[in-house]
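First comes the structure, then the notes that go with it.
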Amino acid sequence: MTAHSLGRPEVVITGIGMVTPAGADTSTAWKAVCAGQSAAAADPRLAGLGVDFCCAVAGFDPDLVLGEDARRMDPFTQFSVAAARAAAADAGLTEGNRDAARTGVVLGTAVGGQGTWEEQGRRLHDRGPRAVNPLTVPKAIGNIAAGAVAMDLGLHGPSLTVSTACAAGTTALGYALDLLRAGRCDVVLAGGTEAAVTPLVSTAFDRLKALSRRRDDPAHASRPFDRQRDGFVLGEGAAVLVVERAEHARARGWRPYARLLGYGASSDAHHLTAPDPSGRCAQLALQQALEDARVHPSDVRLVNAHATSTPQGDAVEARLIERVFGTDAAITSTKGVTGHMLGAAGAVEAALTALSVDQGVIPPTANFEAPDAALPGIDIVHGAPRTVPVPVAVSNSFGFGGHNAVVVLGSV
């Protein structure tokens with residue numbers, strides 16, 4: 001039974017663009033994630049701080065990629081424009097085969113142009129008002145990444161920014177799905193972007209005791225679900241996916257990576273930073289996504305977990321996964337490689353999940369060495385990639401403030 005026969009259009013993912021700590025292009029990032037190669041290392045931007053390491057974007061030269069425009073962009077916008085260009089090229093999307101008025105942009109971010117705010121704040125403090133860059137506001141405001149993507153590609157459909165903390169990239173995909181199903185767009189470039197590796201953000205997370213403090217061994221600091229996990233590793237980057245109505249993709253002869261089957265969202269309404277320990281509202285988002293996708297939990301072969309390597313968050317999610325899927329689905333968390341990319345995380349993980357569905361390969365959970373005896377015995381892929389058909393997969397995202405978002409992907 002097709003989506004059309006159920007009264008709604010089928011939606012597919014036809015292009016992927018990534019700028020990540022695992023690599024500044026999709027192919028490099030995918031290979032590194034499948035190899036379980038952690039990107040965490042000391043970063044001079046964080047020198048002298050309590051946590052002086054992160055997962056920084058690798059191999060990206062904004063001046064080479066973006067030219068003079070790079071100077072007018074905060075890194076979070078640089079990442080998103082580069083990823084969007086790559087996604088559009090990967091999808092074969094051109095002026096000749098899309099209607100600009102029916103092509104939208106939906107991007108998620110948690111903190112926006114934080115580096116610009118910090119830099120200009122220092123200038124104001126040290127040198128006075130005349131030292132502040134006149135372009136500070138248009139460089140730093142949170143919506144500007146979506147606006148810049150639309151301007152760069154000449155798109156005139158809806159241009160939106162969502163901010164649901166670390167669920168933002170996944171929330172953006174959900175909004176894109178709604179726009180396509182509602183008939184407001186034929187194509188949406190959807191994803192997330194973040195450039196929050198800054199002294200203030202790193203220190204703030206450290207003061208919350210959210211970050212790993214393995215300064216002597218940063219490469220093994222991000223270890224989702226492992227019994228010795230002690231916090232997440234801050235990451236940065238972007239991913240943009242070209243999401244379009246299947247009939248539109250077929251008309252231009254383009255083969256998708258995967259179908260975007262469903263989306264669910266909920267709010268814990270519990271705590272500023274901690275997840276509800278029961279996991280009941282995160283489970284609500286997951287169940288909504290499965291119902292929206294019209295699939296049964298037994299159909300799901302892969303869960304790309306949010307699992308950030310924090311003691312509490314991973315535990316809540318592991319129990320949630322076990323309740324819904326038992327031990328039938330394979331579980332991975334790619335944050336062992338990329339670190340936690342905040343508002344970009346859900347988009348990057350959805351992109352990696354689409355590649356798993358397309359290629360039948362599940363990346364390992366890097367640095368997972370020993371299970372936590374307090375957690376259920378879920379099937380965590382580790383040590384090496386697993387080659388297996390992935391007809392249906394789920395990608396989870398959970399954020400500060402209790403934001404929960406889940407997408408379901410399926411094979412073509």
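The values are calculated or read from the model by the stated rules, or taken from the named source; none is laboratory data. It should be emphasised that the depicted structure is a prediction, and the values quoted were computed from it without experimental measurement. Quick reminder, even Gly has a Cβ in these numbers, built from the backbone with ideal geometry, and neighbours come from all protein chains shown.
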### Task
Report whether or not residue 58 is touching a residue at least 12 places away in the same chain (Cβ under 8 Å) and part of a helix (DSSP H, G or I).
no
### Task
State whether the residues of region 108-130 include one that is farther than 19 Å from residue 239 by Cα and hydrophobic (A, V, I, L, M, F, W, C).
yes
### Task
Determine which single condition residue 243 fails, assuming it passes every other condition in (1) closer than 25 Å to residue 358 by Cα; (2) assigned by TED's automatic domain parsing to the domain that holds residue 305.
(2)
### Query
Which residues, taken from region 99-113, are at negative phi and either in contact with a Cys (Cβ under 8 Å, 6 or more places away or on another chain) or surrounded by 24 or more Cβ atoms within 10 Å (Cβ to Cβ) (or both)?
102, 103, 104, 105, 106, 107, 108, 109, 110, 113
### Task
Looking for whichever is touching a residue at least 40 places away in the same chain (Cβ under 8 Å), in a helix (DSSP H, G or I), basic (Lys, Arg) and within 30 Å of residue 252 (Cα to Cα) here; the options are 45, 85. Which one fits?
85
### Summary
In the set 296, 271, 248, the lone residue that is without any contact (Cβ under 8 Å) to a residue 24 or more places away in the chain and of a type outside the set (A, V, I, L, M, F, W, C) is 296
### Query
Does residue 14 satisfy being hydroxyl-bearing (Ser, Thr, Tyr), under 30 Å from residue 254 (Cβ atoms), part of a strand (DSSP E or B) and in contact (Cβ under 8 Å) with a residue 24 or more places away in the chain?
yes
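Could you tell me whether residue 69 is over 30 Å from residue 387 (Cα atoms) and of a type in the set (D, E, K, R)?
yes
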### Query
Considering only region 148-187, how many residues are without any contact (Cβ under 8 Å) to a residue 24 or more places away in the chain and either in a helix (DSSP H, G or I) or over 20 Å from residue 102 (Cα atoms) (or both)?
1
### Task
For region 61-82, name all the residues that are within 21 Å of the chain's Cα centre (by Cα) and in a helix (DSSP H, G or I).
62, 75, 76, 77, 78, 79, 80, 81, 82
### Task
Can you tell me which residue among 192, 121, 115 is part of a helix (DSSP H, G or I) and in contact (Cβ under 8 Å) with a residue 60 or more places away in the chain?
115
### Summary
Listed by range, strands (runs of 3 or more DSSP E) wholly within region 291-408 having at least 3 residues that are crowded, with 17+ Cβ neighbours inside 10 Å, not aliphatic (A, V, I, L, M) and not assigned by TED's automatic domain parsing to the domain that holds residue 173 are 392-399
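Residue-by-condition table, conditions (1) in a loop (DSSP other than H, G, I, E, B); (2) surrounded by fewer than 23 Cβ atoms within 10 Å (Cβ to Cβ):
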residue	(1), (2)
202	no, yes
206	no, yes
213	yes, yes
223	yes, no
228	yes, yes
249	no, no
269	yes, yes
274	yes, yes
278	yes, yes
